[in-house]
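Asker: Here you go, one structure.
The values are calculated or read from the model by the stated rules, or taken from the named source; none is laboratory data. The model shown is predicted, which means the values in this text are computed figures rather than measured ones. Please note: Cβ atoms are built from the backbone with ideal geometry, for glycine as well, and neighbour counts cover all protein chains shown. To get the accessible areas, we keep the full protein, side chains included, count just its heavy atoms, and leave off ligands, DNA and RNA. Shrake-Rupley method; radii C 1.70, N 1.55, O 1.52, S 1.80 Å.
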Amino acid sequence: AQYPVVYFWDDNHVIRPETERAQPLLKCFGSQPKNLIEIGGGPGYVAWAMANAGHAVTCVDLLDELYPLAASAGVTSVVGDAANTGLPSDSFDGYWSFNSFEHLHDPDAALKEAWRLVKSGGLVHLDFAPIYNSPLGLHAHYEIGVPYCQHLWNTDDIAKIVSSKDLWNLNGLSIYDYRYIWSKNSNILKTIYFSEEKDYNGIELISKFPSCFANKSRDLDYFTTSKLVVTFRVLK
């Protein structure tokens, strides 16, 4: 009762290109038409906005769910794995992914695939949240309002409440893991922008139930870093 569910899905929402989310991409890739690829784009709302801005966009996702108006705008849909798209090497000027890398079971392999797909000097832009150990990291906030529920409760009890099995399709990686992946690939991908955003929602639960957290980490960054934004330049 102290942490009510505040997120909900509105079935009456308006389907439209995500022009606001496309703004940082337009700054990143420029206004001149380019051949771009999006990973984990789902219905392709961001890809749709980028296509409307004049770019040629390929949207890769595990599911074939591209929205028809996105296809009408010129977005190409490819059903495939982020770590093995099957697309030709050096065929794109740029690559982006929103809120997908926390779901990928091998983000290191996906990053290497991004390097293979993008031409030398091209950009790879990742923006994703929330990562697993952060307050909303279980991605169950449509049904559970309690922050850090993935640390406080066992999975069997959570499964009784969370109906969507898709919520479990998470890689469980920590901020330490992502930092290591960025460093590991620094010889092929040069970081030109990087930010780690914090979420202190529910931080009082860490002090209230320390035994649920202390055996995982004593570093507050581990539990409060929620969003990662990074842009790489491809080196070949």
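Asker: Roughly speaking, what is the stretch gain from residue 171 to residue 198, that is 0.36 nm per residue apart minus the C-alpha to C-alpha distance, in nm to one decimal?
Answerer: Details: separation 27, 0.36 × 27 = 9.72 nm, distance 1.94 nm.
My answer for the length gained is 7.8 nm.
Asker: Starting from the alpha-carbon convex hull of the chain, give the projected area averaged over all orientations, in nm². Before the final figure, lay out each step's value.
Answerer: Working: hull surface 53.4 nm².
So the mean shadow area of the Cα hull is 13.4 nm².
Asker: What number results when the radius of gyration of the stretch 125-164, computed over Cα atoms, is divided by 2.2 N^0.38 Å? Display every interim value, and only then the final one.
Answerer: Details: Rg = 10.8 Å, N = 40, 2.2 N^0.38 = 8.9 Å.
Cα-based Rg divided by the globular estimate yields 1.21.
Asker: Mind checking which lysines have their C-alpha under 18 Å from residue 208, skipping anything on the same chain fewer than 8 residues away?
Answerer: Qualifying lysines at Cα under 18 Å: 216.
Asker: Considering only C-alpha atoms, what is the centroid distance from the stretch 1-68 to the stretch 190-236, in Å?
Answerer: 25 Å
Asker: I would also like to ask the following. Report the relative contact order of the chain, percent, no decimals, based on alpha-carbon pairs under 8 angstrom and at least 6 residues apart.
Answerer: 19 percent
Asker: Next up: Once neighbouring chains are kept in place and the probe is 1.4 Å, which whole percent of the accessible area of the chain is contributed by carbon and sulfur?
Answerer: 53 percent
Asker: Still on this structure, please answer the following. For the pair residue 5 and residue 76, how long in nm is the line joining their label points, each one 7 Å along Cα→Cβ?
Answerer: Label-label distance for residue 5 and residue 76, simple model: 4.0 nm.
Asker: Continuing with this model, one more query. Report, in degrees rounded to the nearest 10, the 0 to 90 angle that the Cα long axis of helix 107-117 makes with the longest principal axis of the chain.
Answerer: Between helix and principal axis, roughly 10 degrees.
Asker: Using θ = phi - 60° and the Karplus curve 6.51 cos²θ - 1.76 cosθ + 1.60, what whole-Hz ³J(HN,Hα) does each residue of the stretch 172-180 get, with Gly and Pro shown as x?
Answerer: Calculated HN-Hα couplings, in order: x, 6, 9, 4, 4, 4, 5, 4, 5 Hz.
Asker: If you plug each phi of the stretch 227-233 into the Karplus form 6.51 cos²θ - 1.76 cosθ + 1.60 with θ = phi - 60°, what whole-Hz ³J(HN,Hα) values come out, in order, with x for Gly and Pro?
Answerer: Listing the rounded values in order: 10, 10, 10, 8, 10, 10, 9 Hz.
Asker: What full-extension length gain, to one decimal in nm, is calculated for residue 27 and residue 142 as 0.36 nm per residue of separation minus the Cα-Cα distance?
Answerer: 38.2 nm
Asker: Here's another thing I want to ask about it. If one computes P(r) from the Cα atoms of the stretch 48-168, what percent of pairs lie at distances over 19 Å?
Answerer: Working: 4160 of 7260 pairs.
For the stretch 48-168, the fraction of Cα-Cα distances above 19 Å is 57 percent.
Asker: Okay, next question. Rounded to the nearest whole Å², what accessible area per residue is found for the chain with the 1.4 Å probe?
Answerer: Numbers: 11760 Å² over 236 residues.
About 50 Å² of surface per residue is accessible.
Asker: Here's a follow-up. Please report, in cubic angstrom per residue, the volume enclosed by the convex hull of the alpha-carbon atoms of the stretch 80-131.
Answerer: Looking at the stretch 80-131, the number lands at 68 Å³ per residue.
Asker: While we're here: Over the stretch 109-195, calculate the relative contact order: mean separation of alpha carbon pairs under 8 Å at least 6 apart, over the residue count, as a percent.
Answerer: 28 percent
Asker: Which far-off residues, 5 or more places away or on another chain, put their amide H under 5 Å from the one on residue 122, with H placed in the peptide plane?
Answerer: 234
Asker: Enumerate the amide H contacts of residue 53 below 5 Å, restricted to partners 5 or more residues apart or on another chain; note that Pro and chain-start residues carry no placed amide H.
Answerer: It is none; the list stays empty.
Asker: Put +1 on the Cβ of every Lys and Arg and -1 on every Asp and Glu Cβ in the chain; which of 72, 35, 193 then has its Cα farthest towards the positive end of the dipole?
Answerer: Checking the options against the dipole of the chain, the answer is 193.
Asker: So which GluC sites (Glu not before Pro) in the stretch 105-212 are both in a DSSP loop and have at most 11 other Cβ atoms within 10 Å of their Cβ? Mind dumping the intermediate values first?
Answerer: Values: sites: 113, 143, 196, 197, 204; in loops: 143.
When the GluC sites (Glu not before Pro) of the stretch 105-212 are filtered for loop state and at most 11 Cβ neighbours within 10 Å, nothing remains.
Asker: Against the longest principal axis of the chain, how steep is helix 19-29, in degrees 0 to 90 to the nearest 10, with axes from Cα atoms?
Answerer: 60 degrees
Asker: Tell me, what ³J(HN,Hα) does each residue in the stretch 195-201 have, in order and in whole Hz, if you take phi through Karplus 6.51 cos²θ - 1.76 cosθ + 1.60 with θ = phi - 60° and put x for Gly and Pro?
Answerer: Using θ = phi - 60°, the values come out as 8, 10, 9, 9, 9, 9, 4 Hz.
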